[in-house]
Each structure stands twice: as structure tokens, then as C-alpha cells.
Amino acid sequence: MINEQLQEYIDLLIPARSGVLAEMEEYAKEHQVPIMEAAGIEAMLQILKIQKAETILEVGTAIGYSALRMAYALPNAKIVTIERDEERLAKAMVYIEKAGKGSQISIIFGDALETEKQASQHGPYDAIFIDAAKGQYKRFFEMYSAFLKPGGIVVTDNVLFKGLVATQDSPNKRIRNLVKKIDDFNKWLMSNPDYDTVILPVGDGVAISVKR
Ligand SMILES: C[S@@+](CC[C@H](N)C(=O)[O-])C[C@H]1O[C@@H](n2cnc3c(N)ncnc32)[C@H](O)[C@@H]1O
């Protein structure tokens, strides 16, 4: 997103994770599980800490890496996380138990397009983190922001999609369609009168939206 050399410099300054988090990073790399990029997650955690978020909803658990990062960074926060992939969720449960964070993280198994009711039961939320199917970002935002407190924050990952939103030059039609959807979402989000949004060029592009 920024100059590659600079990104590498920043990444090297971020302290390496240890224990279960390091194990998860290794697993994610080995099994091609997409977890949030280091600089992106650091930016998100910093914002959640400044906000002192106590209730957080995550859309897209994968193996539970970002949920655990949030649990460690905000030990008093309750985290609710939604995932539809059974195998990834099983892995997430193992890691969350291993980290001793089972009582801090609640898991909802299902398609986030259909888990509104369960998520609402744990709300309202101080923050919502959207990190699931990119083509559905607008739907997720519209559905779950209903459970956000006034002044609450929505963090959306991958909004710059490896820079493709600016260059729009992928040879792959499926990717081009996805880029168009993210571009449409970004335009919709930036002009949404109910939110103040800034797009940070960290990681894969992180949008921070504050509910008015
Ligand atoms: C990028 S990964 C999440 C990474 C995780 N937030 C992290 O940084 O550790 C996206 C996850 O969202 C899940 N997902 C995609 N669409 C979904 C949907 N409609 N409902 C529930 N989960 C979904 C995928 O199965 C995948 O595991």
C-alpha cells in the first residue's frame, strides 16, 4: 500500500508474537488462511484501545487470530465473532481454549448474512470489525451497524485490496468484479451521512467509520 521498503521497515519494528499467536501465524501461512496483515491489525488494536471498546463484534473469524489479538489487547472486552467455515471454526475453538480466552470470546457459527438475531443478543457493540466475504461488505455493514452504539466504530479490512481499487487492472474477471464491489462500497461508505470515515493505507487498507 505504501512504498514496499517502508512497509518492510514498519513490519520489522512490530514486535514478533510468541506462544499461541506465533503458532497461529505459522498455521495460517502453511494452510493459506487469510489473517489480517500485521500493520493493519496493529492500527485496529490501537484504535480499539483508544476507544476503550468493551463489546466487539467480528464478522469473519477464520482460525480466531484477530479475535485473540483483540482479546489480548483489551482484556476486559467481550468479543463475539461469526464464521461459516466449520473447519476453520473448529481450529479457532482449539486456539481460543489453548489461550485460555474461552470466556472472553463467543463464537457464532453460520453465514453472517443469516446470524443477525444471534449477534443482536450479545449487543449493542462499541465496535464492529468486518473481515469476511468482500463482495458482501455493504450488506454486512448495513445489517450489523444497527447494533452499534452511537459513537461506535466500524473497522473494515481490505478496502484497498492490494491497491487494485486504484489501478483496476486485474486480468481476472472475478477479481475485477470484486474490485468494483469494494470500490462501490468505499464510495458509499465515504458519503454515508451517518458515519465519519477515514481510509488508512495500512495493511490491505483499513476503513475506520465512527457512527455519528
Ligand atoms: C479474511 S478471513 C478472516 C480473518 C480473521 N479476521 C483474522 O484476521 O484472523 C475471512 C473469513 O470470513 C469467513 N466468511 C466469509 N464470508 C462469510 C459469511 N458470509 N459468513 C460468515 N463467515 C464468512 C471466511 O470463511 C473466512 O474464514
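The values are calculated or read from the model by the stated rules, or taken from the named source; none is laboratory data. Computed from a predicted structure; not experimentally measured. Neighbour counts are summed over all protein chains in view; Cβ atoms, including those assigned to glycine, are modelled from backbone coordinates with ideal geometry. Ligands, DNA and RNA are excluded from the accessible area calculation, which covers all protein heavy atoms including side chains. Shrake-Rupley method; radii C 1.70, N 1.55, O 1.52, S 1.80 Å.
The solvent-accessible area of H122, taken with every protein chain present and a 1.4 Å probe, is close to 80 Å². Net length available on complete extension from K138 to Q121 is 4.0 nm, with 0.36 nm assigned per residue and the Cα-Cα distance removed.
Tell me, what is the percent relative contact order of region 109-212, built from C-alpha pairs under 8 Å that lie six or more residues apart? Working shown, then result.
Values: 149 pairs, mean separation 30.2, N = 104.
That works out to 29 percent.
Positive-end ranking of I105, T167, V80 along the dipole of region 79-212, with charges on Cβ about the Cα centre, is headed by T167. Indicate, rounded to the nearest 5 percent, the antiparallel portion of the DSSP beta bridges found entirely in the chain. In the chain, approximately 35 percent of DSSP beta bridges are antiparallel ones. Note on K52: accessible area approximately 150 square angstrom, rounded to 10, probe 1.4 Å, nucleic acids and ligands left out. Per-residue surface analysis assigns D196 an accessible area of about 80 Å², computed on protein heavy atoms at 1.4 Å probe radius.
Based on the Cβ-Cβ distance from D184 to F109, what FRET efficiency comes out when R0 is 25 Å, to the nearest 0.05? It would help to have the intermediate numbers written out before the result.
Working: r = 29 Å, r/R0 = 1.17.
That gives a FRET efficiency of 0.30.
Just to be sure I understand the curve: with the Debye formula and one point per C-alpha of region 90-134, what is log10 I(q)/I(0) at q = 0.14 Å⁻¹? Evaluating at q = 0.14 Å⁻¹ gives log10 I(q)/I(0) of -0.42. Of K138/K211; K101/K211; K29/K98; K52/K78, which pairs sit farther than 23 Å apart, going by alpha carbon to alpha carbon? Distance filter (> 23 Å) returns K101/K211.
In this structure, the amide hydrogen of G203, modeled 1.01 Å from its nitrogen in the peptide plane, lies closer than 5 angstrom to those of A39, G40, counting only residues at least 5 positions away or on a different chain. Provide the FRET efficiency to the nearest 0.05 for the N192-E4 pair, computing r from the beta carbons and using R0 = 45 Å. It comes to 0.90. The Cβ shell under 14 Å around P75 holds other residues with a net charge of +4, Lys and Arg each +1, Asp and Glu each -1.
Taking amide hydrogens as placed 1.01 Å from N in the peptide plane, the amide H of E58 sits under 5 Å from those of V80, T81, I82, F129, each at least 5 positions away in sequence or on another chain. Summarising the label geometry, the points placed 7 Å from Cα in the beta-carbon direction at A73 and Q32 lie 2.8 nm from one another.
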